[in-house]
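*Asks:* Please read through the structure below; I'll follow up with questions.
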Amino acid sequence: MPIGGEMAMDYYEGVGRRKEATARVRLFPGGDGTIVVNERPLDTYFVRGKDIVRLKGPLEATAMENHFNVSVKVNGGGITGQADAVRLGIARALLEADPDLRPTLRKGGFLTRDARVKERKKPGLKKARKAPQYTKR
């Protein structure tokens with residue numbers, strides 16, 4: 001970005017996180033609704049239908065499916081965690097593109113970051129909460 005001047009916006013960016021997954025989402029205006037995840041088409045990266053439906057939620061709620069091309073870089077976590085991270089990233093990028101969409105995105109729950117993460121293992125236990133088997137004798 002040049003110093004002292006405003007550069008033309010080529011895309012809108014949003015970062016989404018969920019569990020161990022992080023997604024960097026870029027929305028390119030004037031597109032036909034193509035979504036590319038890690039340089040692969042959406043339906044080859046996310047094979048489960050429910051993940052695709054959740055991921056597209058913010059675009060459908062704001063009727064912006066065919067206004068942007070979406071490029072996503074996502075890493076870490078599992079498939080569903082990545083899909084939810086992309087969903088949050090898309091919502092944040094839409095907000096950057098048009099701040100008037102905030103009430104719609106907020107009402108759909110697309111701007112709320114799901115803070116649930118894996119609980120740490122505690123000393124003396126087998127997992128976070130699972131205790132060793134009790135033996136009476």
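*Asks:* With only Lys, Arg, Asp and Glu charged, each at its Cβ (+1 for the first two, -1 for the last two), find how big the charge dipole of the chain is about the Cα centre; round to the nearest 20 debye.
*Replies:* My answer is approximately 1980 debye.
*Asks:* Using +1 at the C-beta of Lys and Arg and -1 at the C-beta of Asp and Glu, which of Ala21, Gly124, Gly78 has the Cα lying farthest in the positive direction of the dipole of the chain?
*Replies:* Going by the charge dipole, the pick is Gly124.
*Asks:* Right, another one. How would you order 123-131, 12-20 from highest to lowest mean count of nearby Cβ atoms within 10 Å?
*Replies:* 12-20, 123-131
*Asks:* In terms of the ratio Rg/(2.2 N^0.38 Å) built on C-alpha atoms, what value belongs to region 8-137?
*Replies:* The reported ratio for this selection is 1.31.
*Asks:* Now a separate question. Note down the net charge around Arg102, summing +1 for each Lys or Arg and -1 for each Asp or Glu among other residues with Cβ under 12 Å from its Cβ. Don't jump to the answer; show the numbers that get you there.
*Replies:* Details: positive: Arg92, Arg106, Lys107; negative: Glu96, Asp98, Asp100.
Residues near Arg102 contribute 0 overall.
*Asks:* Do you know the Lys pair count in region 24-137 for C-alpha distances under 18 Å, with sequence separation 8 or more or different chains?
*Replies:* 7
Coordinate-derived values only; no laboratory data. Keep in mind it's a predicted model, so treat the numbers as computed, not measured. Positions of Cβ are backbone-derived with ideal geometry, glycine not excepted, and every protein chain shown enters the neighbour counts.
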